[in-house]
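Accompanying notes for the structure given below.
The values are calculated or read from the model by the stated rules, or taken from the named source; none is laboratory data. Bear in mind that the values here come from a model prediction, so they are computed numbers and not experimental data. Don't worry about glycine lacking a Cβ; one is built from the backbone with ideal geometry, like all the others, and counts go over all protein chains shown. With ligands, DNA and RNA removed, areas are computed over all heavy atoms of the protein, side chains included. Shrake-Rupley method; radii C 1.70, N 1.55, O 1.52, S 1.80 Å.
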Number of protein chains: 2
Amino acid sequence: MSSTQTKRPTIGVFDSGFGGLTVLRALLPLIPGAEYHYLGDTARLPYGAKSQQTIARYALSSAAFLLEQRIDMLVVACNTASALALEDLTRALPIPVIGVIAPGTTAAAAATAKTLKGMGVPRLASETWASSPASILVLATAATVQSAAYTRSCAALGLAAYEKACPLLVPLVEEGWTDHPVTEQVARIYLSEALAEAPTVTTLLLGCTHYPLLKPLLERTLADLNHPLHIIDSAAATAHAAARILSAPPSNLPVTTHFYATDSIEKFQRLGSNFLGQPLDQVTLIDLGG
Amino acid sequence: MSSTQTKRPTIGVFDSGFGGLTVLRALLPLIPGAEYHYLGDTARLPYGAKSQQTIARYALSSAAFLLEQRIDMLVVACNTASALALEDLTRALPIPVIGVIAPGTTAAAAATAKTLKGMGVPRLASETWASSPASILVLATAATVQSAAYTRSCAALGLAAYEKACPLLVPLVEEGWTDHPVTEQVARIYLSEALAEAPTVTTLLLGCTHYPLLKPLLERTLADLNHPLHIIDSAAATAHAAARILSAPPSNLPVTTHFYATDSIEKFQRLGSNFLGQPLDQVTLIDLGG
């Protein structure tokens with residue numbers, strides 16, 4: 001192989017489980033011909049209820065494994081790890097690291113600006129919006145909300161966010177109840193509580209990679225509550241951001257995907273295919289020593 | 001200290017989280033004057049959806065830490081670890097190891113025998129009952145049900161069990177919704193499905209240390225379904241079994257308790273006190289390398 005031949009890009013995608021497969025799904029058509037290594041740290045999931053220290057430790061050991069696969073870029077396709085471990089990862093890794101928070105926030109801010117403009121809200125100094133009543137509602141895990149990462153990220157774009165922890169939504173999605181009366185009732189409780197606290201929101205940002213599977217149900221519930229919102233999920237926004245920062249030219253080679261999990265491969269394959277939108281044929285079980 | 005002085009018993013109690021504190025709560029009055037070391041492996045919880053191999057690995061590293069505290073006996077106060085790692089633990093540890101499955105089953109079998117006798121069901125060979133329609137309904141996590149540990153344990157006592165996985169009950173208890181309409185609806189779904197499959201059950205065995213907090217709600221739901229059951233939780237049964245096998249005589253020293261967690265101490269203290277029934281003052285954060 002000649003040394004002038006361009007190496008095709010190798011991209012690492014990391015999540016605590018299979019939710020991040022929605023990000024990989026968005027990446028595949030955007031960066032075709034790349035080699036992908038997806039790691040789901042299923043033995044230690046969920047990250048959403050754990051502490052910053054523990055989440056950072058888990059994320060670093062997962063990233064170390066992906067580095068051994070010679071990745072050129074790491075996509076942290078997990079909101080909790082993006083919220084709590086992105087700085088540690090960026091500091092420790094010699095390659096670009098991209099999380100889901102900033103891309104998701106940017107997309108939500110664009111949607112919000114459009115809505116506010118449509119409503120005739122004058123655009124003053126952007127700081128004014130940040131100190132105004134919240135315009136973006138973020139649904140996320142307890143750990144993500146506690147980190148206030150979305151609030152800071154929105155404030156940096158001059159917007160105010162209201163973050164609502166929804167600990168039951170991940171278990172409900174994993175139970176397969178994505179279109180179930182119980183999930184509707186739980187969503188109605190979480191959304192009603194959030195809208196009572198932040199009645200001025202116009203955009204809903206799904207701050208967890210499990211939640212896109214609930215999008216139809218959330219839309220229906222918001223319509224019932226007579227408070228429709230523009231729903232943004234960060235998977236597509238993150239994939240676009242990754243494509244922008246990857247300097248390697250597109251490759252003509254067929255896409256290659258490798259999947260790794262730290263626990264039960266059977267469950268990863270069964271549930272993961274719903275998130276990826278295609279079957280997961282080969283998953284390798286790895287041990288991160290946890 | 002003279003060598004003839006009797007050492008007071010030191011008891012290790014292990015769970016993936018704080019659910020096992022219901023077992024410790026039952027132990028305290030039964031074996032007073034003992035020294036207790038309770039470890040909640042909160043960084044790696046929940047065990048309930050993970051594989052046998054992973055659960056055994058987690059349980060062994062937790063047990064190794066407790067051995068370093070010089071315990072005389074290990075109580076595995078976690079149904080999932082009891083179902084999937086008890087053999088590994090018993091083989092690896094030089095001290096008695098007691099799980100929650102056998103004591104819980106024994107208590108459920110006694111209640112069932114009493115009910116069946118009261119109903120005039122003739123006691124033939126005990127094998128007859130095991131091959132008859134199920135008389136014990138076990139609610140548990142997915143991993144516990146998949147292990148079929150309760151089915152085997154009941155069969156050994158000549159009884160047939162029907163096991164029902166209830167993945168949403170732990171998150172609902174951790175959300176604090178122990179008396180909430182959503183939890184009632186979820187319990188009604190799980191119980192209706194189980195009773196449709198196993199209409200002859202007379203005893204309900206709570207096969208997860210989180211479930212005792214749902215006992216009033218489950219009793220109410222069963223009454224609504226017009227199918228009252230004798231509810232058994234294994235915490236008390238396990239504590240009695242531990243007291244029976246501990247050869248050390250009772251000590252007059254005041255009880256000493258040490259608590260360790262592998263993740264966020266704040267959450268352990270806040271939620272754990274509901275399970276222990278008293279405040280958890282001092283919790284030490286430890287790192288099992290996971």
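Which number do you get for Rg(Cα) / (2.2 N^0.38 Å) in the stretch B:35-179?
Details: Rg = 17.1 Å, N = 145, 2.2 N^0.38 = 14.6 Å.
For the stretch B:35-179, the normalised Cα radius of gyration is 1.17.
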Next item on the list: Using the Cα centre as the reference, give the magnitude of the dipole from point charges on the C-beta atoms of the stretch A:85-203 (Lys, Arg: +1; Asp, Glu: -1; all else neutral), rounded to the nearest 20 debye.
Entry: 540 debye
Margin query: Rounded to the nearest 10 Å², what accessible area does B:Leu30 have for a 1.4 Å probe in the complete protein model?
Written below: 60 Å²
Checklist line | Accessible area of B:Ser132 in the full protein assembly, 1.4 Å probe (Å², nearest 10) | finding: 40 Å²
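Of A:Glu163, B:Glu175, which has the most accessible area and how do the rest follow, probe 1.4 Å?
Working: A:Glu163 25, B:Glu175 50 Å².
Per-residue accessible area, sorted high to low, gives B:Glu175, A:Glu163.
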Next item on the list: Could you tell me the distance between the Cα centroids of the stretch A:135-180 and the stretch B:11-38, to the nearest Å?
Entry: 36 Å
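Multiplying the sequence separation of B:Asp179 and B:Gln69 by 0.36 nm and subtracting their Cα-Cα distance, what value in nm do you get? Before the final figure, lay out each step's value.
Numbers: separation 110, 0.36 × 110 = 39.60 nm, distance 3.81 nm.
Result: 35.8 nm gained on full extension.
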Notebook entry, point to check: For the protein assembly as shown, what is the charge dipole size about the Cα centre, in debye to the nearest 20, if Lys and Arg each add +1 at the Cβ and Asp and Glu each add -1 at the Cβ?
Noted result: 200 debye
Notebook entry, point to check: In whole percent, how big is the carbon plus sulfur part of the accessible area of the stretch A:141-290, probe 1.4 Å, protein atoms only?
Noted result: 52 percent
Check: Within straight cross-link reach of B:Lys164, meaning Cα distance under 21 Å, which lysines are found once same-chain residues fewer than 8 apart are removed?
Finding: A:Lys267, B:Lys50, B:Lys215
Checklist line | At 7 Å out from Cα toward Cβ: B:Gly118 inter-copy label distances (nm, ascending) | finding: 6.3
Margin query: What does the buried accessible surface come to for B and A, summed over both chains, with the probe at 1.4 Å? Round to 100 Å².
Written below: 2500 Å²
Check: Can you give the Rg to Rh ratio for the stretch B:16-87, taking only C-alpha atoms and Rh from Kirkwood?
Finding: 0.96
Notebook entry, point to check: So, in Å, what gap is there between the alpha-carbon centers of the stretch A:198-231 and the stretch B:85-104?
Noted result: 47 Å
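Counting pairs of Cα atoms in the stretch B:132-290, how many percent are more than 27 Å apart? All intermediate terms of the calculation are to be shown ahead of the outcome.
Working: 4541 of 12561 pairs.
Summing the P(r) tail past 27 Å for the stretch B:132-290 gives 36 percent.
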Item checked: By accessible area with a 1.4 Å probe, ligands and nucleic acids excluded, highest first: order of B:Tyr38, B:Tyr162 -> B:Tyr162, B:Tyr38
Item checked: Relative contact order of the stretch A:67-197, pairs being alpha-carbon contacts under 8 Å that are 6 or more residues apart, as % -> 21 percent
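Using just the alpha carbons, could you tell me how many Å³ per residue the convex hull of the protein assembly as shown encloses? Each step should come with its number before you reach the end.
Values: hull volume 106.6 nm³, N = 580.
Hull volume over Cα atoms, normalised by residue count, gives 184 Å³.
Please report, largest first and rounded to whole Å, the three semi-axes of the ellipsoid equivalent to chain B, where each semi-axis is the square root of five times an eigenvalue of the C-alpha gyration tensor. Please list the in-between numbers first.
Details: eigenvalues 201, 98, 60 Å².
Each semi-axis is √(5λ); the values are 32, 22, 17 Å.
Pop the C-beta distance of A:Asn226 and B:Arg244 into the FRET formula with R0 = 51 Å and round what comes out to the nearest 0.05.
0.25
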Next item on the list: Name the residue, out of B:Thr209, B:Thr22, B:Thr54, whose mean-square fluctuation peaks in a Gaussian network model built on chain B with Cα pairs under 10 Å.
Entry: B:Thr54
Check: How much accessible area does B:Arg220 have with a 1.4 Å probe, in Å² rounded to the nearest 10?
Finding: 100 Å²
Margin query: Using a Gaussian network model on chain B with a 10 Å cutoff between Cα atoms, which of B:Gly20, B:Gly277, B:Gly12 fluctuates the most?
Written below: B:Gly277
Checklist line | In degrees, nearest ten, helix B:215-224 long axis to first principal axis of chain B (Cα) | finding: 0 degrees
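Rounded to the nearest 0.05, what FRET efficiency do B:Thr256 and B:Ala110 give with R0 = 35 Å and r taken as the Cβ-Cβ distance? Could you check?
0.60
Could you sort B:Val13, A:Val97 by accessible area so the largest value comes first, with the probe set to 1.4 Å?
Working: B:Val13 0, A:Val97 30 Å².
Largest accessible area first, the residues go A:Val97, B:Val13.
Please report the net charge: other residues with Cβ closer than 11 Å to the Cβ of B:Thr178, K and R +1, D and E -1.
On the way: positive: B:Lys215; negative: B:Glu174, B:Glu175, B:Asp179, B:Glu184.
My count for the surroundings of B:Thr178 gives -3.
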Checklist line | With Cα atoms, 0 to 90° folded angle of helix A:101-118 axis to chain A main axis | finding: 30 degrees
Notebook entry, point to check: In nm, what does the list of distances from B:His230 to its counterparts in the other copies look like, shortest first, when each label sits 7 Å along Cα to Cβ?
Noted result: 6.3
Margin query: Just to confirm the number: angle between the C-alpha axis of helix B:265-276 and the first principal axis of chain B, 0 to 90 degrees, nearest 10?
Written below: 50 degrees
Next item on the list: Output the Cα-based Rg and Dmax of the stretch B:107-217 in Å, rounding Rg to one decimal and Dmax to a whole number.
Entry: 14.5, 46
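Volume per residue, Å³, of the convex hull around the alpha-carbon atoms of the stretch B:60-102?
It comes to 63 Å³ per residue, whole-number rounded.
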Notebook entry, point to check: How far apart are the B:Leu28 label points across copies, placing each 7 Å from Cα toward Cβ, in nm, shortest first?
Noted result: 5.4
Notebook entry, point to check: In a shell of Cβ-Cβ distance under 13 Å around A:Leu217, excluding A:Leu217 itself, what net charge do Lys and Arg (+1) and Asp and Glu (-1) give?
Noted result: -1
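Could you work out [θ]222 nm for chain A from helices alone, using -39500 (n - 2.57) per DSSP H run of at least four and dividing by all its residues? Round to the nearest 500 deg cm²/dmol. Write out the running numbers ahead of the final one.
Values: 12 runs with 136 residues, N = 290.
Estimated from H runs of four or more residues: -14500 deg cm²/dmol.
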